[in-house]
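Trainee: Below is a structure I'd like to ask you about.
The values are calculated or read from the model by the stated rules, or taken from the named source; none is laboratory data. Quantities reported herein were computed from a predicted structural model and do not represent experimental measurements. Virtual Cβ from ideal backbone geometry, glycine too; neighbours counted across all protein chains shown.
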Amino acid sequence: MLEETAGAPRGPAEGRPTEEGAKPSPSKEDYKGIWVYLEHAGGVPAPVSWELIGEARRLAKDLGAEVSAVLLGHGVHPLADEAFAYGADRVFLIESPVLRDYRTRPYARAVVGLVEKHRPEVFLLGATAQGRDLASTVATTLATGLTADCTSLDIDPETRDLRQTRPAFGGNIMATILCKNRRPQMATVRPHIMPMPERREGRRGEIVPESFGMTEDEVAAKVLRYVRKRTEGIPLEQADIVVSGGRGVGGAEGFAVIRRLADALGAAVGASRAAVANGWIGQDHQVGQTGQTVRPKLYIACGISGSIQHLAGMQSSDLIVAINKDPRAPIFEAADYGIVGDLHQVVPALAEAFERLIKEEESGAAGRAAADDGGVGEENQ
């Protein structure tokens, strides 16, 4: 494990005046609480926000702190109640027509203003397109440290530093990064990395409304329209079952057996970085640190060795089944069940078995339905 330090001071030391008679800059002790950015699109919340609130509650126990959500937008007040239901103690709410759609400049200005006023000790955001864009802008403006794509978070009980762990050097090692000198400590976490907390209907908290003076004339970027991306099959992030292929499939044609098994199970098709890099399948299917993070009920890894970078994207699956002809493949260490064998023999056999079971179930269901109809008819005669 590699340990690094982020966010070394670039300005005056904390707590010291910048010049004679000037107000001292805040010290680390002035920052309290854990914040979570509540991401949404058109009032529809991103589930990663609830996952992070759950993680923030766990971290808050070690810090003896409260959990607050940051909610920006226009007409998004109802989302505050959802934040409370998932565990937030407080919601900082800024509503303005300028914040109706996400744009970097107004959102960053609003968040920076809140941080400078209320001084959170830790600030968590989802590692999504929006979250990454906002986090990097806010961290740069505040001259603090930011760790992206974290896979685990913990608190050092002696220093109160947030231990932010993520794969590094192409996923070959795990690096733990500390922001020892600056606050807030900022981190982004991918969707599905943290478990979804239990929702408690009726839970209440404090709403803190804040003003925002930016006008539309001050924003250069304009949102003209949204174009939804079309995807084939079941999206990875929504699938309960994922069947993935790696270098072991041997080529683009090898994914035919992966798709057959996926179709039989009603699953999404995933892939390793090696399979995507070789051009065997599109990047939309990539699972791992440089692809998508999934948390399905069942993950079947076919011909995937099990690099750290791939494991980072699927190790939180409820059940993992690995199929590989190399009994020493690292994927077996993460798997609940393993099959040592040639995937080109094992996967078609599994697909055939599932297809047969489904056909038998459908036939049985049709027979029972026919029998029920016949029984009803006889009773009515």
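Trainee: How many residues, within segment 271-299, are more than 22 Å from M174 (Cβ to Cβ), touching a residue at least 12 places away in the same chain (Cβ under 8 Å) and within 20 Å of the chain's Cα centre (by Cα)?
Mentor: Summing the residues that are more than 22 Å from M174 (Cβ to Cβ), touching a residue at least 12 places away in the same chain (Cβ under 8 Å) and within 20 Å of the chain's Cα centre (by Cα) in segment 271-299 gives 6.
Trainee: Another question, then. When segment 246-293 is examined, which residues are found to be small (G, A, S), surrounded by 18 or more Cβ atoms within 10 Å (Cβ to Cβ) and closer than 15 Å to Q309 by Cα?
Mentor: The answer is G246, G270, A271, S272, A274, A275, G288, G291.
Trainee: Among the listed residues P296, P327, identify the single one that is surrounded by fewer than 12 Cβ atoms within 10 Å (Cβ to Cβ), at pLDDT 90 or above and at negative phi.
Mentor: P327
Trainee: Taking segment 28-53 as the search range and keeping residues that are farther than 16 Å from V122 by Cβ and among the small types (G, A, S), which one is surrounded by the most Cβ atoms within 10 Å (Cβ to Cβ)?
Mentor: A46
Trainee: Please go through segment 339-349 and give me each residue that is closer than 17 Å to A256 by Cβ and out of contact with any Leu (no Cβ under 6 Å at 6 or more places or on another chain), ordered by number.
Mentor: Result: D342, L343, H344, Q345, V346, P348, A349.
Trainee: Further question on the same structure: Restricting attention to segment 38-94, and to residues there that are in contact with a Ser or Thr (Cβ under 7 Å, 6 or more places away or on another chain), of a type in the set (A, V, I, L, M, F, W, C) and assigned to a loop (DSSP other than H, G, I, E, B), which single residue is modelled with the lowest pLDDT?
Mentor: Across segment 38-94, the extreme among qualifying residues is A46.
Trainee: To continue, here is another question. Answer with yes or no whether Y31 is in contact (Cβ under 8 Å) with a residue 24 or more places away in the chain, within 16 Å of I207 (Cα to Cα) and aromatic (F, W, Y).
Mentor: So Y31 does not fit the description; no.
Trainee: Scan segment 213-245 for residues that are polar (S, T, N, Q) and either surrounded by 15 or more Cβ atoms within 10 Å (Cβ to Cβ) or in contact with a Phe, Trp or Tyr (Cβ under 8 Å, 6 or more places away or on another chain) (or both) and jot them down.
Mentor: Within segment 213-245, just S244 meets the criteria.
Trainee: Hey, another quick one. Check segment 131-150 and report whether any residue there is charged (D, E, K, R) and part of a helix (DSSP H, G or I).
Mentor: There is at least one residue in segment 131-150 that is charged (D, E, K, R) and part of a helix (DSSP H, G or I).
Trainee: Right, another one. What tally of residues in segment 327-352 results from selecting those that are under 23 Å from G266 (Cα atoms) and within 29 Å of the chain's Cα centre (by Cα)?
Mentor: Matching residues across segment 327-352 total 4.
Trainee: Here is a follow-up. Please go through segment 232-262 and pick out each residue that is closer than 21 Å to N278 by Cα and either within 20 Å of the chain's Cα centre (by Cα) or modelled with pLDDT under 90 (or both).
Mentor: E232, L236, V242, V243, S244
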